[in-house]
2 protein chains.
Amino acid sequence: MKRYSATTYAVLGLLTTHCRTGYDIKRMIDTSLSHFWKISYGQIYPSLKLLVEDGLIERHDQTGSTKVERVEYTLTNEGQKLLKQWLQEPVEKFSNEKNEVLLRLFLSDEEQTTTTIQQIEKYRAVQYEKLETYELIEHSLRTEPVTIHRKRGLLTLDFGKKMSRAIVEWCDETIAQLR
Amino acid sequence: MKRYSATTYAVLGLLTTHCRTGYDIKRMIDTSLSHFWKISYGQIYPSLKLLVEDGLIERHDQTGSTKVERVEYTLTNEGQKLLKQWLQEPVEKFSNEKNEVLLRLFLSDEEQTTTTIQQIEKYRAVQYEKLETYELIEHSLRTEPVTIHRKRGLLTLDFGKKMSRAIVEWCDETIAQLR
DNA sequence: GACGACATGTAATGGGTTACATGATTCC
DNA sequence: GGAATCATGTAACCCATTACATGTCGTC
């Protein structure tokens, strides 16, 4: 059985939401999934190509007089089957991200406490901003009709909120400790 | 000014702790820094080579009759200067990790709730285990003499604990929601 | 003598970002 | 007319993992 990267499954899966094009997928991930997933066009378009070649999705080129080249894709039956299968596979990767703030903190010494604190303050600010963004997203999600993607969206959003809140808390405590 | 990856700086920086060899660095990262950093030999040895070439560290080959080839490295003055400089640079990357559990949750539907819950339960178990490991590490760190690395180690460990605790909490709440 | 930990290193491969190239449409 | 957004795509590069190759040392 051919294996695909999680990124390719993400592309395949996003086509089951209201996304139809590569551009849609990019936007969706950047806005709604950014707290736990990211992607670039350099992955999306080659993935779409591969999925078409393997018969998991179908490409629908624009016909008629429209000028904007908007290439829409839909899942084939095999595509739907494979996605479902992948969703049920046990997850292997629970690894933690590389965190440059922590690396610097770990390697820094007392002499540099001032800049270290500044870095952590910036980290805190970034997380605090994220938290505010999540509130906005939650608000707009709650006005949407109740669909599976709304429900799932709220659950994954909670994850982002919990993480950011925990990070802000850690920043505060750590800055206090460093002083 | 030549630029190095954060991984190369990690290697450089780890040599300021009690680590002397590539093997030491690998062990140290795997045991003490694994909650926010990871590395492979395929990065460590080439990094060490590069750092030697650029005069940031010095290589000390084993002399005499010892059979085990243990290659020790020490920072040069330039190395120390560059590390210090890097530690004070503003951090740019605060990005969130790719999380396969969340991706699956987001893409799954009600039909698959049972397996989704199982996946989240496994996620919870993994994080809970991590939490226990952190407690052990904390215990052993607290018996060590009070050094800068002990202090920093405890602070970064707190980060790991906070994250794992938040994830366990999220898992519990999400499983409850899904039921 | 076999196994696990110690120890160094490379090559193939895979995964991902960035920069670039191109062009339409919308709105000020 | 210019800027922002919509929209597709590729090539060069960078980063990282995995598998492999090799050998020592201690201990059960």
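Selection within the range B:112-127: residues that are touching a residue at least 40 places away in the same chain (Cβ under 8 Å) and among the aliphatic types (A, V, I, L, M). The member of this set that is surrounded by the most Cβ atoms within 10 Å (Cβ to Cβ) is B:Ile120.
Within the range B:41-82, the residues that satisfy the criterion of being surrounded by 17 or more Cβ atoms within 10 Å (Cβ to Cβ) and away from DNA strand C (no atom under 11 Å from the Cβ) are B:Leu51, B:Leu56, B:Ile57, B:Leu75, B:Gly79, B:Leu82. Looking at the range A:154-172, which of the residues that are closer than 27 Å to A:His18 by Cα and more than 7 Å from chain B (Cβ to nearest Cβ) is surrounded by the fewest Cβ atoms within 10 Å (Cβ to Cβ)? Among those that are closer than 27 Å to A:His18 by Cα and more than 7 Å from chain B (Cβ to nearest Cβ), it is A:Leu154. When A:Gln85 is tested against (1) within 11 Å of chain B (Cβ to nearest Cβ); (2) outside any loop (DSSP other than H, G, I, E, B); (3) surrounded by 14 or more Cβ atoms within 10 Å (Cβ to Cβ), only condition (3) is not met. Inspection of the range B:25-40 finds a residue satisfying the criterion of being more than 14 Å from every other protein chain (Cβ to nearest Cβ) and either outside any loop (DSSP other than H, G, I, E, B) or within 12 Å of DNA strand D (Cβ to nearest atom) (or both). Is there a residue being touching a helix residue (DSSP H, G or I) at 6+ places or on another chain (Cβ under 7 Å) and facing another protein chain (nearest Cβ under 8 Å) anywhere in the range A:125-138? Yes: the range A:125-138 contains one or more residues that are touching a helix residue (DSSP H, G or I) at 6+ places or on another chain (Cβ under 7 Å) and facing another protein chain (nearest Cβ under 8 Å).
When residues of the range A:8-23 are filtered for being assigned to a helix (DSSP H, G or I) and either away from DNA strand C (no atom under 12 Å from the Cβ) or surrounded by fewer than 18 Cβ atoms within 10 Å (Cβ to Cβ) (or both), how many remain?
Initially, the range A:8-23 is screened for residues assigned to a helix (DSSP H, G or I), giving A:8-14, A:22-23.
Then keep just the ones that are either away from DNA strand C (no atom under 12 Å from the Cβ) or surrounded by fewer than 18 Cβ atoms within 10 Å (Cβ to Cβ) (or both); that gives A:12-14, A:23.
Of the residues in that region, 4 qualify.
When each of A:Lys26, A:Lys38 is tested for being within 9 Å of DNA strand C (Cβ to nearest atom) and either closer than 20 Å to A:Gly55 by Cβ or not assigned by TED's automatic domain parsing to the domain that holds A:Met163 (or both), the lone residue that passes is A:Lys38.
The values are calculated or read from the model by the stated rules, or taken from the named source; none is laboratory data. Worth saying up front: this structure is predicted, and the values here are computed from it rather than measured. Neighbour counts run over all protein chains shown; Cβ positions are idealised from the backbone, glycine included.
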